[in-house]
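What follows is a short report on a single structure.
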Amino acid sequence: MDSYGGYRSQLVGELSAKGIRDLAVLRAISEVPRHLFVPESIRHRAYQDSALPIGGGQTISQPWVQARSLELAKLTGRDRVLEVGTGSGYQTALLAQCADQVFTVERIPALAQAARAVLSATGARNISVLVGDGTLGWRAYAPFEVIIVAAATPEAPQPLVEQLATGGRLILPIGDRVNQVLTLMVKQPDGSLVTRTVSDVRFVPLIGQFGFAGDLAT
């Protein structure tokens, strides 16, 4: 018996009150067990609308930010999605509910391994996980209708722009290591991007060849 169902319903109500309208996104949040994706010591906080630490200096993002990102993606259920920054795997699980295929890249092996285990336990079958530099994307499965980046970057990584399908949506937080703006970019037939800024956010930095400098092994 799922003793957390009521908490998920409360979270859905809270997100609805904050302006989330996409019914597929809200349904995914009502079904995916977020408490399984956070450390057991803070599981009692799993359904708060707040970011939580998951170890290794990483976080599971605020549910509103993840819901807004998915809403901006305008997922149809037929999309091929690239997620940069698997983290806990929670957003990956939400994407799996709303898309056809999800390809997710995580630079920290321990996080990728833990996410694989939880995602498997929840029954997700349309997810592929790669350990590597997410700023390089996953060219073998491009183009992607949607790319969601779950870490802050000073600008859109060029490989991700190249791997975005025409008409595709790229959602990412752009800024410095402290202050960022959630941004939606839509790729035009001529390869240009139409950009829309959405809201101020706070993410950990995107480490990689086309992100912030850092040690990819940590």
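The values are calculated or read from the model by the stated rules, or taken from the named source; none is laboratory data. Predicted model only: the values in this text are computed from it and were never measured. Don't worry about glycine lacking a Cβ; one is built from the backbone with ideal geometry, like all the others, and counts go over all protein chains shown.
In table form, for the structure just shown:
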quantity	calculated
Matching residues in the stretch 41-51 - criterion: being surrounded by 12 or more Cβ atoms within 10 Å (Cβ to Cβ), without any contact (Cβ under 8 Å) to a residue 24 or more places away in the chain and within 17 Å of VAL118 (Cα to Cα)	ILE42, ARG43
Any hit, the stretch 134-142, residues being of a type outside the set (D, E, K, R), in a strand (DSSP E or B) and at negative phi	no
Pair list, Cβ < 8 Å and 6+ apart or interchain, from the stretch 155-178 residues that are among the polar types (S, T, N, Q) to residues that are outside any loop (DSSP other than H, G, I, E, B)	GLN163/LEU82; GLN163/ARG139; GLN163/PHE144; GLN163/ILE147; THR166/LYS187
Matching residues, the stretch 143-174, being more than 17 Å from the chain's Cα centre (by Cα) and either in a strand (DSSP E or B) or closer than 18 Å to ALA67 by Cβ (or both)	ALA165, THR166, GLY167
Positions within the stretch 192-218 being touching a residue at least 24 places away in the same chain (Cβ under 8 Å) and in a loop (DSSP other than H, G, I, E, B), in sequence order	ARG202, PHE203, VAL204, LEU206, GLY208, GLN209, PHE210, GLY211, LEU216, THR218
Residue in the stretch 32-40 that is surrounded by fewer than 18 Cβ atoms within 10 Å (Cβ to Cβ) and touching a strand residue (DSSP E or B) at 6+ places or on another chain (Cβ under 9 Å) present	yes
Selection count where residues are polar (S, T, N, Q), in a loop (DSSP other than H, G, I, E, B) and within 23 Å of VAL84 (Cα to Cα), scope the stretch 31-59	1
Options VAL161, VAL204, VAL146: the member that is touching a Lys or Arg at 6+ places or on another chain (Cβ under 9 Å), surrounded by 14 or more Cβ atoms within 10 Å (Cβ to Cβ) and at pLDDT below 95	VAL204
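This table checks each residue for (1) in contact with a Pro (Cβ under 8 Å, 6 or more places away or on another chain); (2) at positive phi; (3) not in a helix (DSSP H, G or I).
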{"residue": "SER9", "(1), (2), (3)": "no, no, no"}
{"residue": "ILE29", "(1), (2), (3)": "yes, no, no"}
{"residue": "GLN66", "(1), (2), (3)": "no, no, no"}
{"residue": "THR76", "(1), (2), (3)": "no, no, yes"}
{"residue": "ALA110", "(1), (2), (3)": "no, no, no"}
{"residue": "ARG116", "(1), (2), (3)": "no, no, no"}
